[in-house]
Amino acid sequence: MGLNIPDKKHHMHMIGTLQEYEYLMALDPTALNLDQQEYLNERISVLELEARIRSTIPYDVKQKIYRYLLVDAEPIDVTRLENHVAPAYYTDPHAEFDYWRLTPFVYATDNIHDAVISTNAHEFVENILLNPTHMARLYTLDPPKQITYEILIRWDFVPMFLPEISLPNVESLFDLLHVLGGDPNRIELKFLFKDIRVVYDRSPSSKKEIAPDNKGRLRIMKAKMLDLLQTAMMEYHHCLSTPSTISPLQKWGKYMRPQDAMDPDKTDDSKYKKVRIWLADACSELLDRMWDSGSGRRAGFVKWHMLEAFGMDQSYYNQDPNVVLYCNEPGIPFLPLNKKRFFS
């Protein structure tokens, strides 16, 4: 069983049959009856024939095929070390380059409290995207490459608790921005609801994107959160770009005590860290206040949409007083986000 086809797994991957082929090849024929063995052999032969046919396609045609397929490829999670290398079946350097160029990158933040997650993501940026000898270095990739960073609104659907965006989720955003040299254009923010009833669950079904087409009742909330974080990211970019000719108090005074800003013994790295902490704290406080202040109807608005997103049972709606309050007064409540409190 199994023909010697050059780069067989690569061809199967590109036509979408690799997973099925590996599953069938792992089966033990001795554990199957005669009919099952016959089907197994026939199906494997068909999959290998398809791969052989694709292997004979002219090179320029194959280039167009996998470029077309990779545009819709599943994003690779940069927090997983196994994704820091291209799949082994990309033996052709041009194909590997297109893999890095066209495959989306995502920074999944499900387990953001685990320090390994951010370490792996930073290594991906430093060892691949900023590595001048790597084919996937940022400035060779056209169109400009971005990392999609997830901002998660987490809730376990317990009535006495409120959905929240965790502080580490926001802190890690600014740490990633720092590793990327303060370039906010390299980060695309994605806002999602996160079901945290199962701890450490990283399955796609535990997350639902908020207003993916920028329509519906959540679009205003999403726009406010996006505007706040982009403003803070630009402020960090400007801080990094500030010329050394201005006084330390001018550069650092907003983010730390004057004595710390003026202290010559404190390194710039330690001061930039304080800036990132200040920005994360400011953003986190403003985000919390959007639905954690004033009327419970604001919290009910967010909770109701989370219940809807995950298709929860009616009992969850009935037992949560915030949701009941929102259902009694439908409509989009005012969600306060006073950006001017921290940002000019």
If you check every pair at least six apart or on different chains, which have Cβ atoms under 6 Å apart with a residue in the range 36-52 that is touching a residue at least 12 places away in the same chain (Cβ under 8 Å) and more than 13 Å from GLU22 (Cα to Cα) first and a residue that is of a type outside the set (S, T, N, Q) and in a helix (DSSP H, G or I) second?
ALA51/LYS8; ALA51/HIS11; ALA51/MET12
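Would you say LYS303 is out of contact with any His (no Cβ under 8 Å at 6 or more places or on another chain), of a type in the set (Lys, Arg) and modelled with pLDDT of 95 or more? Full working, then the answer.
Working: out of contact with any His (no Cβ under 8 Å at 6 or more places or on another chain): yes; of a type in the set (Lys, Arg): yes; modelled with pLDDT of 95 or more: yes.
Spelling it out, LYS303 is indeed out of contact with any His (no Cβ under 8 Å at 6 or more places or on another chain), of a type in the set (Lys, Arg) and modelled with pLDDT of 95 or more.
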Could you please let me know if LEU286 is surrounded by 15 or more Cβ atoms within 10 Å (Cβ to Cβ), in contact with a Lys or Arg (Cβ under 9 Å, 6 or more places away or on another chain) and not charged (D, E, K, R)?
yes
Any residue at all in the range 332-339 that is closer than 17 Å to GLN230 by Cβ and either surrounded by fewer than 14 Cβ atoms within 10 Å (Cβ to Cβ) or not aliphatic (A, V, I, L, M) (or both)?
yes
What number of residues in the range 115-146 are in a helix (DSSP H, G or I) and not aliphatic (A, V, I, L, M)?
10
For residues that are crowded, with 20+ Cβ neighbours inside 10 Å and either touching a Cys at 6+ places or on another chain (Cβ under 6 Å) or aromatic (Phe, Trp, Tyr) (or both), scanning just the range 124-158, find the one that is farthest from PRO184 (Cα to Cα).
TRP155
Would you be able to tell me the number of residues in the range 173-215 that are assigned to a strand (DSSP E or B) and farther than 20 Å from PHE157 by Cα?
4
Can you pull out the residues in the range 291-304 that are among the aromatic types (Phe, Trp, Tyr) and not in a loop (DSSP other than H, G, I, E, B)?
PHE301, TRP304
Within the range 192-245, considering residues that are of a type in the set (Val, Ile, Thr) and touching a strand residue (DSSP E or B) at 6+ places or on another chain (Cβ under 8 Å), the one surrounded by the fewest Cβ atoms within 10 Å (Cβ to Cβ)
ILE196
Identify all residues within the range 305-318 that are part of a helix (DSSP H, G or I), more than 24 Å from the chain's Cα centre (by Cα) and surrounded by 13 or more Cβ atoms within 10 Å (Cβ to Cβ); write none if there are none.
TYR316, TYR317
Within the range 246-265, restricting to residues that are of a type outside the set (Asp, Glu) and within 24 Å of SER284 (Cβ to Cβ), the one that is surrounded by the fewest Cβ atoms within 10 Å (Cβ to Cβ) is ARG257
Cβ-Cβ below 9 Å, separation at least six or inter-chain, first residue in the range 138-164 and at positive phi and touching a residue at least 40 places away in the same chain (Cβ under 8 Å), second in a loop (DSSP other than H, G, I, E, B) and among the acidic types (Asp, Glu): which pairs?
PHE157/ASP320
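Looking only at helices (runs of 4 or more DSSP H) that lie completely in the range 1-114, which have at least 2 residues being surrounded by 11 or more Cβ atoms within 10 Å (Cβ to Cβ), within 22 Å of the chain's Cα centre (by Cα) and at pLDDT below 80? First the steps, then the outcome.
Numbers: elements: 8-15, 18-26, 34-55, 59-71, 93-102.
In the range 1-114, 59-71 are the helices (runs of 4 or more DSSP H) which contain 2 or more residues that are surrounded by 11 or more Cβ atoms within 10 Å (Cβ to Cβ), within 22 Å of the chain's Cα centre (by Cα) and at pLDDT below 80.
The values are calculated or read from the model by the stated rules, or taken from the named source; none is laboratory data. Bear in mind the structure is a predicted one, so any value in this text is a computation, not a measurement. All Cβ positions, even for glycine, are placed from backbone atoms using ideal geometry, and neighbour counts span all protein chains on display.
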